[in-house]
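**Student:** Handing you a structure now.
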Amino acid sequence: MAVSPELAGRTFPPTAPYAVSAAKIREFALAIGVEPAEDAPPTFPIVVAFAAMQQLMHDPEVGIELHNVVHRDQRFVQVRPIRAGDALTATLTVETLRQAAGTDLIGTRTEVTDASGELVTTAYATLAHRATEVSV
Amino acid sequence: MTGLGPARFRVTRADLVRYAGASGDFNPIHWSDRVATSVGLPGVIAHGMFTMALAGRAVSEWAGGAANIVEYGVRFSRPVVVPDDESGVEIEVTGELGETSDDGTAPITVTCVCDGQQVLGMAKAVVRRTDPVA
């Protein structure tokens with residue numbers, strides 16, 4: 001089933017604040033093989049953005065079937081690197097929705113902000129949702 | 001244009017497990033052959049975000065630190081299949097550094113190859129130049 005065309009333009013509620021610890025930055029850095037540093041690696045915001053994406057994907061009103069979703073592209077526009085002590089909130093907006101050939105292309109923009117409401121990173125992602133069951 | 005790299009990274013199943021834990025992405029196609037093959041994949045594949053992170057690791061080094069990356073984006077064009085063995089698979093990252101703009105930033109076009117095929121499409125970073133050259 002295709003997602004509702006009304007999804008375009010919808011903004012989801014902000015995620016609960018995520019307290020960034022030095023230990024989490026270190027764990028992420030080691031997982032991608034870099035020397036842990038004060039600044040988190042450039043793709044670290046996905047940890048927070050992912051929670052916002054989960055909100056979109058699990059919303060029963062949206063109608064996404066999880067096993068039919070593919071992460072198509074990802075882009076980060078970084079205002080400043082994330083550091084330990086940040087309390088980050090992610091707010092996802094569905095910017096575009098294109099429906100063609102049985103696939104929903106869901107273009108999202110997620111704003112990651114700190115405790116004072118300042119923008120830290122904007123994460124853009126496109127999710128491809130196969131809207132029709134394909135028998136394998 | 002200035003050529004950057006290549007940087008080479010080896011990816012094993014253990015790396016995927018570690019990345020799953022660190023990132024919070026526990027999609028079983030990244031650790032279970034049973035689930036991966038049931039959705040039509042040849043086997044367990046790397047998280048696209050893990051491949052992006054490895055290419056980003058190269059970009060951070062070229063840029064003189066993660067703080068110099070203004071923008072970084074990729075398209076996940078082809079899955080990186082990671083075999084269940086000791087050696088895993090290798091990905092190779094190269095870059096082309098473009099002209100520095102008036103605002104002090106420069107584009108890097110990133111190429112990421114695994115098994116002779118590009119796995120990231122339209123991969124590009126914009127970095128802040130910390131040195132006056134180029």
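**Student:** Note down the relative contact order for chain A as a percent, whole number, built from C-alpha pairs under 8 angstrom at least six residues apart.
**Tutor:** Over chain A, the number comes to 32 percent.
**Student:** Rounded to whole Hz and in sequence order, give me ³J(HN,Hα) for region B:91-107 from the Karplus expression 6.51 cos²θ - 1.76 cosθ + 1.60, θ = phi - 60°, writing x for Gly and Pro.
**Tutor:** 10, 10, 10, 10, x, 10, 8, x, 5, 6, 7, 4, 7, x, 10, 9, x
**Student:** Moving to a separate point now. When the label point is put 7 Å from the Cα of B:S101 along its Cα-to-beta-carbon vector, which residues of region B:58-81 have a backbone N closer than 12 Å?
**Tutor:** B:70-71
**Student:** Here is a follow-up. Once you order the gyration tensor axes a ≥ b ≥ c over the Cα atoms, which shape class does region B:2-128 get: rounded for a/c under 1.5, otherwise prolate or oblate by comparing a/b with b/c?
**Tutor:** prolate
**Student:** Starting from the Cα gyration tensor of region B:83-134, take the square roots of the eigenvalues, sort them a ≥ b ≥ c, and report rounded, prolate or oblate (rounded when a/c is under 1.5, otherwise prolate if a/b is larger than b/c, else oblate).
**Tutor:** It comes out prolate by the Cα gyration axes.
**Student:** Estimate the FRET efficiency between A:S4 and B:F26 by the formula 1/(1 + (r/R0)^6), using the beta-carbon distance for r and 30 Å for R0, to the nearest 0.05.
**Tutor:** Details: r = 27 Å, r/R0 = 0.91.
For A:S4 and B:F26, the calculated efficiency is 0.65.
**Student:** Over the protein assembly as shown, average the accessible area per residue using a 1.4 Å probe and give it in Å², no decimals.
**Tutor:** That works out to 47 Å² per residue.
**Student:** Grab the other residues whose beta carbon is less than 11 angstrom from that of B:G88, score K and R as +1, D and E as -1, and report the net.
**Tutor:** So the surrounding residues net to -3.
**Student:** Which net charge results when you count Lys and Arg as +1 and Asp and Glu as -1 among the other residues whose beta-carbon is under 14 Å from that of B:P107?
**Tutor:** -1
**Student:** Can you list the HN-Hα couplings for region A:13-30, worked out from phi with the Karplus curve (6.51, -1.76, 1.60; θ = phi - 60°), rounded to whole Hz and with x for Gly and Pro?
**Tutor:** 3J(HN,Hα) across region A:13-30, in whole Hz: x, x, 6, 4, x, 9, 7, 7, 9, 4, 5, 5, 4, 4, 4, 5, 4, 5.
**Student:** Also, quick follow-up: To the nearest 10 degrees, how steep is helix A:46-58 against the longest Cα principal axis of chain A, on a 0 to 90 scale?
**Tutor:** The angle comes out near 30 degrees.
**Student:** Same structure, new question: Relative contact order for region B:2-128: what percent, with Cα pairs under 8 Å and sequence separation of 6 or more?
**Tutor:** 31
**Student:** Still on this structure: Using Cα atoms only, what is the angle between the long axis of helix B:48-63 and the major principal axis of chain B, expressed in degrees (0 to 90) to the nearest 10?
**Tutor:** Approximately 30 degrees, to the nearest ten.
**Student:** Here is a follow-up. Calculate the dipole size of region B:2-128 relative to its Cα centre from +1 charges on Lys and Arg beta carbons and -1 charges on Asp and Glu beta carbons; express the result in debye to the nearest 20.
**Tutor:** It comes to approximately 240 debye.
**Student:** Grab the other residues whose beta carbon is less than 15 angstrom from that of A:H58, score K and R as +1, D and E as -1, and report the net.
**Tutor:** Local charge sum for A:H58: -3.
**Student:** Label-point separation (nm) for A:A16 and B:L41, each offset 7 Å from Cα along Cα-to-Cβ?
**Tutor:** 2.9
**Student:** How big a patch of accessible area, both sides summed and in Å² to the nearest 100, lies buried between B and A at a 1.4 Å probe?
**Tutor:** 2200
**Student:** Using unit Cβ charges (K, R positive; D, E negative) and no other charged atoms, how large, in debye to the nearest 20, is the dipole of chain A about its Cα centre? Before the final figure, lay out each step's value.
**Tutor:** Numbers: 10 positive and 16 negative charges, 37 e Å.
Roughly 180 debye for chain A.
**Student:** Count, for each residue of B:14-23, the Cβ atoms from other chains sitting within 10 Å of its Cβ, then give me the mean as a whole number.
**Tutor:** 4
The values are calculated or read from the model by the stated rules, or taken from the named source; none is laboratory data. Because the structure is predicted, anything quoted here is derived from the model rather than measured. Virtual Cβ from ideal backbone geometry, glycine too; neighbours counted across all protein chains shown. To get the accessible areas, we keep the full protein, side chains included, count just its heavy atoms, and leave off ligands, DNA and RNA. Shrake-Rupley method; radii C 1.70, N 1.55, O 1.52, S 1.80 Å.
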